[in-house]
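One structure below.
Every read-out reported here was derived from the displayed coordinates using simple, explicitly stated rules and does not represent laboratory data. This one's a predicted model, so the numbers in the text were calculated from it and none came from an experiment.
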Amino acid sequence: MASRWAQVTCFILIVIMNLSSWIDIQGIMVELPLIIPLLPEGWALPSSMTICATVAGIAPILVLILRWYQGKRFSEIPFIYIIIIVGIISCCVLAFFWQRTAFIFGS
């Protein structure tokens, strides 16, 4: 009985994690028409964001491959915490500094 409860709880937490990342991305996309005129990237920004979001889909595949090769020795838990922490920090930094421009390597 406890195993079934743990499976259901884990499934619910996975759904919440996936929904939260989707809501983060959609929240930024909704704000783009307001942000674009103020940023030097212009309309190149949505393209870059789309590429980044697509490349981010590779990480779950890598975790799946690691899980397959290492079996029970591999744990997804650190990766889940890293994803959540990076998402929280990114949203907080974006909320306060979205109007600032950072120059990296002179451009």
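Here are some notes:
- Among [x] 9.0; [y] 11.5; [z] 7.3, the entry derived from the coordinates for mean projected area of the Cα convex hull in nm²: [x]
- Residue-averaged [θ]222 nm for the chain, counting only DSSP H segments that reach four residues, each worth -39500 (n - 2.57): -26000 deg cm²/dmol
- Whole-Å semi-axes of the ellipsoid equivalent to segment 53-107 (Cα gyration tensor, √5λ, descending): 32, 14, 9
- For segment 56-65, Karplus couplings with θ = phi - 60° (6.51, -1.76, 1.60), whole Hz, Gly/Pro x: 5, x, 6, 4, x, 5, 5, 5, 4, 5
- Acute angle (nearest 10 degrees) that the helix 77-97 long axis makes with the longest principal axis of the chain, alpha-carbon atoms: 20
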